[in-house]
1. State which residue is nearest to Val19 (Cα to Cα) when the search covers only the stretch 40-89 and only residues that are without any contact (Cβ under 8 Å) to a residue 40 or more places away in the chain and outside any helix (DSSP H, G or I).
2. When you look at Val34, is it surrounded by 17 or more Cβ atoms within 10 Å (Cβ to Cβ), out of contact with any His (no Cβ under 6 Å at 6 or more places or on another chain) and of a type in the set (Val, Ile, Thr), yes or no?
3. Confirm whether Lys28 is of a type in the set (Lys, Arg), within 11 Å of the chain's Cα centre (by Cα) and surrounded by 19 or more Cβ atoms within 10 Å (Cβ to Cβ).
4. Find the residue count for the stretch 46-69, including only residues that are of a type in the set (Asp, Glu) and surrounded by 15 or more Cβ atoms within 10 Å (Cβ to Cβ).
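What follows draws every value from the coordinates through simple rules; no lab data is involved. Note that the coordinates shown come from a computational prediction; the quantities given were computed from them, not determined experimentally. Neighbour counts are summed over all protein chains in view; Cβ atoms, including those assigned to glycine, are modelled from backbone coordinates with ideal geometry.
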Amino acid sequence: MNYNYPISTDWTTDEIVTVIGFYETIEKAYESGVQKEALLEAYRRFKEIVPSKAEEKTLLKQFEEASGYVGYPVIKEARDAEAGKVIRGAQR
């Protein structure tokens with residue numbers, strides 16, 4: 001894939017790495033599946049950097065437009081899943 005991840009210029013390098021890690025976890029859910037706990041941990045760390053629901057929606061929309069991967073359904077599935085379950089995104 002050749003696209004740019006949506007990030008903020010106000011973030012530190014560590015925050016950028018954390019947010020990109022979250023995006024990569026969403027990608028992995030679609031491409032090969034990811035453990036529920038790994039996805040929720042990546043999301044928790046993302047929310048520490050992006051606590052605003054409005055900013056979260058904006059960033060996930062930009063990520064979807066760039067990558068084709070939709071974050072919210074994967075996060076919802078992880079929240080609703082039993083422990084240890086592999087989360088897989090819907091086919092694009």
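1. The qualifying residue nearest to Val19 (Cα to Cα) is Val50.
2. Working: surrounded by 17 or more Cβ atoms within 10 Å (Cβ to Cβ): yes; out of contact with any His (no Cβ under 6 Å at 6 or more places or on another chain): yes; of a type in the set (Val, Ile, Thr): yes.
For Val34, the condition - surrounded by 17 or more Cβ atoms within 10 Å (Cβ to Cβ), out of contact with any His (no Cβ under 6 Å at 6 or more places or on another chain) and of a type in the set (Val, Ile, Thr) - is met.
3. Details: of a type in the set (Lys, Arg): yes; within 11 Å of the chain's Cα centre (by Cα): yes; surrounded by 19 or more Cβ atoms within 10 Å (Cβ to Cβ): yes.
Yes: the conditions hold for Lys28.
4. Within the stretch 46-69, the first condition is being of a type in the set (Asp, Glu), and the residues that meet it are 48, 55-56, 64-65.
Keeping just the survivors that are surrounded by 15 or more Cβ atoms within 10 Å (Cβ to Cβ) gives 56, 64.
Of the residues in the stretch 46-69, 2 are of a type in the set (Asp, Glu) and surrounded by 15 or more Cβ atoms within 10 Å (Cβ to Cβ).
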